[in-house]
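Read through the structure below, which is laid out as structure tokens, and then see the notes.
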Amino acid sequence: KGLIRYKDGYSPQDIWAVQSKGIDPSTGQEVFLRNDGQYTFIYSTNDIVRVGSEQPQVEGVFSSNLTYKGFNLGINLRYIIGRDVFNSALYDKVENINVQGLANNQDKRALYDRWQKPGDIAQFKAISLTTETPMSSRFVQTEHMLSGESISFGYNFQTSAWLKKLGLSSLRLKGYTNEMFRFSTV
């Protein structure tokens, strides 16, 4: 069931699954691509291939510190461009939903973006409580992400009589927060 394989010539960050060609509009079944290039409705672990990489094309951090009249603002923004991820929310909460999930699920895609009748062009199969959808390339998505990795705000108190009374030569108060926000294409 894992997506990670250790294979000579490949990265441990590669994602492995059977290639999917989507949902067949006439039957509502997932169409898989076999290693010989043929389409099939039958999932086979023999057809598992590399379908992506968790190694981003570009990753880094923008940092800035601003100081004005004793106030200090520090911002670190992390960016990731072109990383493949397995979207487990789609896999677990939309496609492989169980009876309890039907009652408690808050993801409207589980109801509205499914195949329902012949001819429907849909991203997801019809709801089935008897079969489990296997891991396929249909759930691997390319992510571009920006997050507020670290944000700090503080104040430097100037040397004053009350600081000297406390036996301090300087005083700095600073607050930090991490992962303040995250914007992602996945």
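Below are the figures for this structure:
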| quantity | calculated |
| --- | --- |
| Pair list, Cβ under 6 Å, 6 or more apart: segment 148-169 residue farther than 19 Å from Phe71 by Cα, other residue outside any loop (DSSP other than H, G, I, E, B) and open to solvent by 50 Å² or more (accessible area, probe 1.4 Å) | Glu149/Arg78 |
| Out of Gly37, Gly2, Gly82, Gly60, sole residue that is open to solvent by less than 70 Å² (accessible area, probe 1.4 Å), farther than 30 Å from Gly154 by Cβ, out of contact with any Ser or Thr (no Cβ under 7 Å at 6 or more places or on another chain) and modelled with pLDDT of 90 or more | Gly37 |
| Residues of segment 35-71 that turn out to be more than 28 Å from the chain's Cα centre (by Cα) and more than 25 Å from Gly22 (Cβ to Cβ), as a count | 7 |
| Failed condition for Thr133, given (1) more than 22 Å from Asn87 (Cβ to Cβ); (2) in contact with a Phe, Trp or Tyr (Cβ under 9 Å, 6 or more places away or on another chain); (3) of a type in the set (Val, Ile, Thr) | (1) |
| Of the criteria (1) surrounded by 12 or more Cβ atoms within 10 Å (Cβ to Cβ); (2) over 30 Å from Tyr155 (Cα atoms), which one Val99 fails | (1) |
| Members of segment 152-164 found to be at pLDDT 95 or above and either surrounded by 16 or more Cβ atoms within 10 Å (Cβ to Cβ) or among the aromatic types (Phe, Trp, Tyr) (or both), listed by number | Phe153 |
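The values are calculated or read from the model by the stated rules, or taken from the named source; none is laboratory data. Every value quoted in this text rests on a predicted model; they were computed, and no experiment measured them. FYI the Cβ positions are ideal-geometry reconstructions off the backbone, even for glycines, and counts take in every protein chain you see. For the accessible areas, the whole protein counts, side chains as well, though only heavy atoms, and no ligand, DNA or RNA atoms are used. Shrake-Rupley method; radii C 1.70, N 1.55, O 1.52, S 1.80 Å.
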